[in-house]
Amino acid sequence: MQTIDWDDDRDCVVMVDQTRLPAEYTTDHAETVDELVGSIEVLRVRGAPALGAAGAYGVALAARTVEAEEYATYEERVRAQAARVADARPTAVNLAREVDAVLEVLDSCESVPEARERTLEAAQRVANEDIRRNRQLGEHGAALLADGATVMTHCNAGALATVDWGTALGVVYSAQEAGKDVDVVANETRPLNQGSRITTVELMQRDVDVTLIPDNAAGLCLQEGRVDAVVVGADRVVLGGGERFGDQGVVFNKVGTYKHAVVAARHDVPFVVAAPHATVDTERDADEVAIEERDPAELREVYGSQNAPADVPVYNPAFDRTPMELVDYLVTETGVYEPPLDRADFAPPVPEA
Ligand code: MRU
């Protein structure tokens, strides 16, 4: 099934519950905006493009659950609920972007039933587009990988981080589909272990050879020449670096990505970012993007057992910043770009793929 979808029978959002992996492959339903926001916050649904779809379906859910007699009041209430979905996590640009995209249809609706129908149609389009674009992205990225290549990846930028197919892992799946034998080194990705819990599961389901390593072994693997390319996804790509990063832009991705980019550069291993245009934020520069800080309990405890003194001060950022100068290739659905990037290639509207 898709990572996230609309359940027509129950008239609500259905998603793979990623908090239960790898033990169980089960689904979770969100029938209210509160439930969807809760699912986003605890990472039942996660990964930038999947969050985009969650945002889009969130507006459809709001449109279904909000009641009001006057259309103007109804619209105002739907927008207020949608804002809660958009704010559920701050770093992945796709979430707020797709909420806004679906909200746009409200401007031309005249009744509650029309708004309910058209927001759902718009959300379905967002989800379908994600799959289509990931497929195209995968084909472009696959051309960078030689037969027999070993790819290192961080976190999970696969089918489960998107509606389907994936970005970084989509590149691997497209290479496999093209007949290339590609295997993957998956970083565990502490503290929530998306690498060990999610990436390994989906690669094994698709018969891709995968070796799990602790995050701290990544440098050694790169130094020993065990990796031909590091391929990661992105939560947000900005084209302006702000005060600290000059004018080359920055990739926001799962914390740890920056360190892998530095070590890859040190050992001349290509560092590839795979992200659709929907993840490129052309409006903000690096200083304007918030890095989500998560609950200290994620470090003080491991699966409910104490891992550190209960009152130890904790800094738990979920993402970090990789300067574009460390990126060798940015792969999108329209092709492979070699930084420094040309803003014209990313100017909205998104070029036809
Ligand atoms: O905190 P998460 O699991 O939502 O973080 C996900 C990532 O950092 C992914 O690498 C990114 O969203 C790209 S997904 C195609």
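Report the relative contact order of region 138-346, percent, no decimals, based on alpha-carbon pairs under 8 angstrom and at least 6 residues apart.
Values: 436 pairs, mean separation 43.8, N = 209.
Relative contact order, region 138-346: 21 percent.
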Leaving out ligands, DNA and RNA but keeping every protein chain, what accessible area does L299 have, in Å² rounded to the nearest 10, with a 1.4 Å probe?
50
So for region 4-134, what percent of the C-alpha to C-alpha distances run longer than 22 Å?
29
Where only protein heavy atoms count, and the probe is 1.4 Å, what is the accessible area per residue for the chain in Å²?
43
Report the net charge of residues surrounding L103, where surrounding means a beta-carbon distance below 12 angstrom and charges are Lys +1, Arg +1, Asp -1, Glu -1.
-3
Stretch in the chain that is longest and holds no chymotrypsin sites (Phe, Trp or Tyr not before Pro) that DSSP places in a loop and that have at most 11 other beta carbons within 10 Å:
1-302
For the chain, give the magnitude of the charge dipole about the Cα centre (Cβ charges: +1 Lys/Arg, -1 Asp/Glu; no others), in debye to the nearest 20.
940
Calculate the FRET efficiency for V312 and A83 from the Cβ-Cβ distance with a Förster distance of 30 Å, rounded to the nearest 0.05.
0.30
Long-range tail of P(r) for region 238-311 (Cα pairs > 20 Å, %):
51
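If you roll a 1.4 Å probe over the chain with all protein chains in place, what percent of the accessible area is carbon or sulfur?
In the chain, the share of accessible area belonging to carbon and sulfur is 45 percent.
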Report Rg (one decimal) and Dmax (nearest whole number) for region 138-346, counting Cα atoms only, units Å.
16.7, 52
Folded to 0 to 90 degrees: helix 112-142 orientation relative to the chain principal axis, Cα:
10
Length gained when the stretch D209-E104 is fully extended (0.36 nm per residue, less Cα-Cα span):
33.5 nm
If you build a Gaussian network model of the chain, linking Cα atoms that sit under 10 Å apart, which residue out of S39, S174, S305 swings the most?
S305
Region 4-134, dipole about Cα centre (Lys/Arg Cβ +1, Asp/Glu Cβ -1), debye to the nearest 20:
660
Ratio Rg/Rh [Cα only; Rh per Kirkwood] for the chain:
0.97
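The values are calculated or read from the model by the stated rules, or taken from the named source; none is laboratory data. Please read these numbers as outputs of a predicted model, since none were measured by experiment. Cβ coordinates were reconstructed from backbone atoms using ideal geometry, including for glycine residues, and neighbour counts include every protein chain displayed. Side chains included, ligands, DNA and RNA excluded: accessible areas come from the protein's heavy atoms. Shrake-Rupley method; radii C 1.70, N 1.55, O 1.52, S 1.80 Å.
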